[in-house]
Each structure stands twice: as C-alpha cells, then as structure tokens.
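The next block holds one structure in the form of structure tokens; read it before the comments.
No value in this document is a laboratory result; all are computed from the given coordinates. Computed from a predicted model, the values in this text were never measured in an experiment. Cβ: placed from backbone, ideal geometry, glycine included. Neighbour counts: every protein chain shown.
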Amino acid sequence: MNPADAARPRFSLRSLLLPVYLPTLLFAFGEGMTLPVLPLFAQALGASLAVVGVTVTVRGFGALASDIPAGVMVNRFGGRNTMLASAGLAAGSSLAIAFATDTWHLIALMFFFGAGWSMWLVSRLAYVAETVPLEYRGRALSLVGGVNRVGVFAGPIAGGLLAEHLGLEAAFAGQAAAAAVAGAVVLLRREGAAQPVRGGTRVHARLARTLSEFRYEFLTAGTVALILTFVREARQLLIPLWGDHIALGVGAIGLIMGLSSALDMTLFAPVGYVMDRWGRKWTVVPSLALLGASLALLPLAHDFTTLLFVGLLSGFGNGLGSGAVMTLGSDLAPRAGSGEFLGLWRFLTDLGRVAGPTIVGGTAQALALGSASLLSGGFAVAGALVMLLFVAETLQRAPARNLEET
C-alpha cells in the first residue's frame, strides 16, 4: 500500500453530499425542467421542425466544443473556480433564454448552456478523481449517475407545471435558479476541488503529451465509453420511434419509457457495490451486452407487451452502466494535472452523444428503422468485446501515472 494512502483518513460517501451530490441533483433537475418545454418554446418563437431539432441538439455541440477547454481550465484555474464559472454560465444562459426573441438567439444561448454543462461535468469528475479513493469510486460515481437520473426524471414534472401556469419562459427561469443555487453550494463549500497546476508547459503541448501518454487507454477504454454513450442515446430515440412504427399511442410509448427509466434508477446502488467489490468489467460488459440484445430484439417487437419487454431489458442494461463512464475516466486519469485527460475523456463521450441520434437517423432514412436498431446493437456488442478483451481492470491497476512526474 502507498504510505500516503495508508495515512489518509477513512473516506465516507457522505463527504460528497454538498460538493458533488446536491449540485448534481440541482443541475440535473434544472436540465429536466426544460426537456418537455424546449421544443415548444422554439416553435413559439417561429422555428420550423428542422430548426426545432437544431435547438435540441446544439447543446450537445456546445458541450463537445467545450470539453477540452474545460479540462484546461481545471488545470489552469482549479476545479472550484471552474465549477463556479460553469454554474454562472449555465444560470446566465438559461435566464437569457427566458427572454429570447428569436430562434437564432435561442440556438446561440443553448450552445453556451452546453458549454457551461461541460465545464461542470469535467470539474466535478476532476474533484472525484482527486479526492475519492479508488475502492470507493464505483459507489461514489454510480450514485452520481443515480442522482442525475432522479433529477432528470423529476425535473420535467416541475418544468411542465411551471410552463402550464406561468408560461414556457418560467421553465428556463427555474433552470437558471437551480444552476445558481448549485453555484452557491460550491461557493460556500471552500475546501476540496482539483487544485490549479502551475506548470510552464504550454496547453497544446500538455494535450499532446496526454494523448501520447494515454493513447492505449483512449483507444480501448475511450472507445468503450464512446460506444456506451452512443448506444444510450440511440435507445432513447429508437424505442419511441419503433413504438410509433407499430402504431402505439403516445401515452403507451411514454409509459414504456417511464417504466424503463424507473427500472434503470433502481440499480445505481448495487451497481456501485459490484464495481468496487469485483471490478468495473462486471457491470460494463453486461450493460453493453444487454443494451445490444435489447436493440437487436427491437425489430421483433410488434405490440405493447413485446415493446415493454424490450424497453425493460434496455432499462436494466442501461442501469448496469450507471456511473461506469465516469468511473473509468476517473480511474485512468493522472493524479496531478487530470484536467486535460478528463477533458479529452468527456470529448469522447460527448462525441458519442452527438453521433448517436445522427447515425441512427441517417441509417433509418437510408435503409430502415430496424437496420438502425441492429447497427446500434452491433456497436454495443463490439464495445462489450473491447471492454472484456482489451481494457485492463482498473480496480486492480497500478497507481495512476502523474504527468507532472514523467
């Protein structure tokens, strides 16, 4: 055992309540508030259906464009300052959206909100990578995934009520308030967060060095993270579209998606225990395998019962991966100067998030909806094989490399 680790006081997940879990819940709740409202708000501003689609996806592009700069900010200014900046950017852009007067204004502000969201995710993960011992990270980050799911699940209810009684703009004002409170929690909690790295190396040199030093990890574990995120996005699009394809009503499709999400949310606690007890592969490989199986079975669904089975299988598989991408990233990140690594890691996952709907939609348009489902299922199986055969078990790996020492 490392002497520094032996001298470290016993870790408690309760220590993450204020710096991680409460702000995560607030951010996720705020995001959820606008999910049912954003398309309607865009239409109210005069957007066509195509432009509505752009307003929904542009946040992902904002995050994708900001992941690497966010990692650089963590190393340059520290995790706490980056968290505060992310909360300010998210709150400011959300509040400005409430006063948007045209769709292009809305699109630009959604891009900035995506940037703020990215900064929050990278700085939060850097904090966990720095402060949480390896043997607790599975539970710590699966709980982050669970808290995020609860927020996104409850947020649409509150957002819908606000929009119905106070107008569509009220949901974005509520999102701004949630982000502002999250920032206040971080501001009041002064200790912790990744500290600035004061080095003379230029940013582009550090990024190149990180890519070179961890090229195998990015090619293997990074590919798994990209595929898992891709498949998660694909399933959220494919199940409703297939429900419509087999002539189910919106209510029936919503019930299937709701039950799938409910099953998903029940798994984060046991998944965290398994990751910390037996290893990350024990959840990531089954998660991808079951997601692949559900997508392969989707074209066989022909009524409510069979689609419900596919939806529940998909929800179970997704739940098995709760916190998995974050855990792998924090396990592999260097102990000092983790910002660039985690920024690049988030870039891969956000690339999967953006690519999922794009590839699924393009494949369905060019071939058929069933073909898009089978292709996504094939990617999931490939990801499971890469994780099983080429990714070393990070729970038992040697101590993380330190870029400052190489």
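For segment 203-406, what value does the Rg/Rh ratio take when both radii are computed over Cα atoms and Rh is the Kirkwood radius, given to two decimals?
Numbers: Rg = 18.0 Å, Rh = 17.6 Å.
Here Rg/Rh amounts to 1.02.
Compute the Cα gyration tensor for the chain, then decide on rounded, prolate or oblate, letting a ≥ b ≥ c be the square roots of its eigenvalues: rounded whenever a/c is under 1.5, prolate when a/b is larger than b/c in the other cases, and oblate in all that remain. Because a/c hits 1.5 or more and a/b fails to exceed b/c, the chain counts as oblate. In terms of the mean number of neighbouring beta-carbon atoms within 10 Å, the peptides 314-322, 260-268, 164-172 order highest first as 314-322, 260-268, 164-172.
To the nearest 20 Debye, how big is the dipole of the chain about its Cα centre, given +1 on the beta carbon of each Lys and Arg and -1 on that of each Asp and Glu? Write out the running numbers ahead of the final one.
Working: 27 positive and 22 negative charges, 220 e Å.
In total the dipole reaches around 1060 debye.
Which value at 222 nm does the chain reach when only helices count, each DSSP H run of 4 or more adding -39,500 (n - 2.57), with the total divided by all residues and rounded to the nearest 500 deg cm²/dmol? Spell out each step's value before the answer.
Values: 17 runs with 319 residues, N = 406.
Calculated from helices alone, the mean residue ellipticity at 222 nm is -27000 deg cm²/dmol.
Please give the length that would be gained between Tyr216 and Leu367 if that part of the chain were fully extended, namely 0.36 nm times their separation in residues minus their C-alpha to C-alpha distance (nm, one decimal). Present the calculation step by step, with values, prior to reporting the outcome.
Values: separation 151, 0.36 × 151 = 54.36 nm, distance 3.45 nm.
Fully extending the segment from Tyr216 to Leu367 adds 50.9 nm.
Scalar couplings 3J(HN,Hα) for segment 175-183, obtained by applying the Karplus form with A = 6.51, B = -1.76, C = 1.60 to θ = phi - 60°, are 4, 4, 5, 4, 5, 5, 5, 4, x Hz; x denotes Gly and Pro. Dipole orientation for segment 203-406: of the candidates Ala382, Ala252, Ala221, Ala221 has the Cα lying most toward the positive pole (charges on Cβ; Lys, Arg +1; Asp, Glu -1).
In a reduced charge model with +1 at each Lys and Arg Cβ and -1 at each Asp and Glu Cβ, segment 203-406 shows a dipole moment near 280 debye about its Cα centre.
Say R0 is 25 Å: what FRET efficiency, to the nearest 0.05, do Arg14 and Leu188 get from their beta-carbon distance? Could the numbers behind the result be given before it?
Working: r = 17 Å, r/R0 = 0.68.
Efficiency for this residue pair is about 0.90.
Over all pairs of distinct alpha carbons, what does the Kirkwood formula give as the hydrodynamic radius of segment 110-174, in Å? Kirkwood hydrodynamic radius for segment 110-174: 14.0 Å.
Using the charge dipole of segment 104-248 (Lys, Arg: +1 at Cβ; Asp, Glu: -1 at Cβ; taken about the Cα centre), state which of Val185, Val203, Phe112 has its Cα farthest towards the positive end. So the residue furthest toward the plus end is Val203. Since only Gly361, Ala154, Leu22 are under comparison, the one whose Cα sits farthest along the positive direction of the charge dipole of the chain, derived from C-beta charges on Lys, Arg, Asp and Glu, is Leu22.
Couplings 3J(HN,Hα) for segment 251-266, derived from phi with the Karplus relation 6.51 cos²θ - 1.76 cosθ + 1.60 (θ = phi - 60°), are x, 5, 5, x, 5, 4, 5, x, 5, 4, 5, 4, 4, 3, 5, 7 Hz, where x marks Gly and Pro.
Taking every alpha-carbon pair under 8 Å whose residues sit at least 6 apart, segment 15-194 reaches a relative contact order of 44 percent.
Based on the mean of other beta carbon atoms within 10 Å per residue, what is the order of 364-375, 145-156, 14-25, most packed first? Intermediate values should be presented prior to the final figure.
Values: 364-375: 16.9, 145-156: 20.9, 14-25: 18.7.
Most protected by this proxy first, the peptides run 145-156, 14-25, 364-375.
Dividing the Cα convex hull volume of segment 268-383 by residue count, how many Å³ per residue is that? Write out the running numbers ahead of the final one.
Values: hull volume 12.1 nm³, N = 116.
Here the figure is 105 Å³ per residue.
When you count, for each residue, the other Cβ atoms within 10 Å and take the mean per peptide, how do 101-114, 344-357 rank with the highest first? Mind dumping the intermediate values first?
Details: 101-114: 19.1, 344-357: 22.3.
So the peptides 101-114, 344-357, ranked by packing, come out 344-357, 101-114.
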